[in-house]
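Engineer: Mind having a look at this structure? Questions to follow.
The values are calculated or read from the model by the stated rules, or taken from the named source; none is laboratory data. Computed from a predicted model, the values in this text were never measured in an experiment. Neighbour counts run over all protein chains shown; Cβ positions are idealised from the backbone, glycine included.
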Amino acid sequence: MLRIWAPAKLNLTLEVLGRRGDGYHEIRSVVAKLALADLVYVETGLGGLDVRCDHPGVPSGPGNLAYSAALKYFEQLGCGPGARIVISKKIPVAAGLGGGSSDAAAVLRALNAAYGNPLTMDRLQDIAAQVGSDVPLFLAGPLVLVEGRGERLSDLPGATRRNVLLIHPGGWLSTGVVYRRSDGLPLINPSSQAVAAAMARKDERAVRQNLGNALEAAACDCHPAIGRLLASLRRAGYTAHLTGSGPCCYVWDADPSVVRHVSEMARVHGWCVLVTHTLE
Ligand code: ATP
């Protein structure tokens, strides 16, 4: 039995560069992995495929992204499926933190390790891209530039430990709905290049100034509690942004006094907060 951590992700930038012919959106994003992680148990050498998840909002069985990943892995290997997978969720679901995609990538890594690494990283990346747009990035490093529909990855320098305060306003959002809503709205793209360069030279001020997410207006339109949350945090003087398509938001590099103050605000407003940090 293998036990593997499946980390959450944080979009430091998210640029939406247009809709492609295949219906997907062309994006560019600087993504950092977080210490917040699901726990995935993988047992091989059994007949059939059994996937269970302990979260009531996440399907067990074929509806789980980890199931699709395992099925495609065994297809590539050219043998019938043989694994039992148990997922213990710690990452908030449908929040913009990429939990399902990370579980799927963790399963690909675990199965490949269990079988003695028969598939190259390129083959694993191909399978990952078939499972979902966000899956490949979870096979890359702790800080990565993601382009295309999520399949073009470049590891970035400057991944160091930074405190991150996650603030969830409640509810959930479908990624597809937010992208579709963004088609009708003016987009304000942040500069991934500026954030990547600032991370590389460890220029905290420049990182903070260039964080941003082009989906913010669309996500706020779909789920107005996000707009209220971001406005409250910004009025209080914090640099707060949306991760992915939301509804989870974050304050970057939050020191203990910020954590205390935002936690007090959260009690008043009914938000959930989680303290975590980026991976080195
Ligand atoms: P992204 O930012 O990649 O779109 P997200 O963080 O917003 O992802 P997830 O937590 O990955 O969202 O869940 C999205 C949907 O996928 C959920 O509605 C859930 O039912 C389904 N799902 C399938 N497998 C999983 C899994 N292993 N963990 C979480 N959700 C899963």
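Engineer: In a helix (DSSP H, G or I) and within 12 Å of the ligand (Cβ to nearest atom): is that true of V107 in this structure?
Structural biologist: yes
Engineer: From A104, A129, A94, grab the single residue that is in contact (Cβ under 8 Å) with a residue 12 or more places away in the chain, in contact with a helix residue (DSSP H, G or I) (Cβ under 9 Å, 6 or more places away or on another chain), under 19 Å from L2 (Cβ atoms) and of a type in the set (A, V, I, L, M, F, W, C).
Structural biologist: A104
Engineer: What number of residues within segment 213-239 are surrounded by fewer than 21 Cβ atoms within 10 Å (Cβ to Cβ), touching a residue at least 24 places away in the same chain (Cβ under 8 Å), within 20 Å of L185 (Cβ to Cβ) and more than 14 Å from the ligand (Cβ to nearest atom)?
Structural biologist: 4
Engineer: Has segment 231-240 got any residue that is modelled with pLDDT of 95 or more and of a type in the set (D, E, K, R)?
Structural biologist: Yes, that holds for at least one residue.
Engineer: Something else now. How about segment 59-78: which of its residues are within 11 Å of the ligand (Cβ to nearest atom) and either within 17 Å of G244 (Cβ to Cβ) or not hydrophobic (A, V, I, L, M, F, W, C) (or both)?
Structural biologist: Across segment 59-78, the qualifying residues are P59, S60, G61, P62, G63, N64, L65, Y67, S68.
Engineer: Looking only at segment 29-58, filter to residues that are surrounded by 16 or more Cβ atoms within 10 Å (Cβ to Cβ) and not in a strand (DSSP E or B); which one of those is farthest from the ligand (Cβ to nearest atom)?
Structural biologist: H55
Engineer: Now a separate question. Looking only at segment 79-104, count every residue that is away from the ligand (no atom under 11 Å from the Cβ) and either touching a Gly at 6+ places or on another chain (Cβ under 7 Å) or under 30 Å from N213 (Cβ atoms) (or both) and tell me the total.
Structural biologist: The total comes to 2.
Engineer: For V268, state whether it is of a type in the set (V, I, T), in a helix (DSSP H, G or I) and either surrounded by fewer than 20 Cβ atoms within 10 Å (Cβ to Cβ) or under 16 Å from the mean Cα position of the chain (by Cα) (or both).
Structural biologist: When the stated conditions are applied, V268 passes them.
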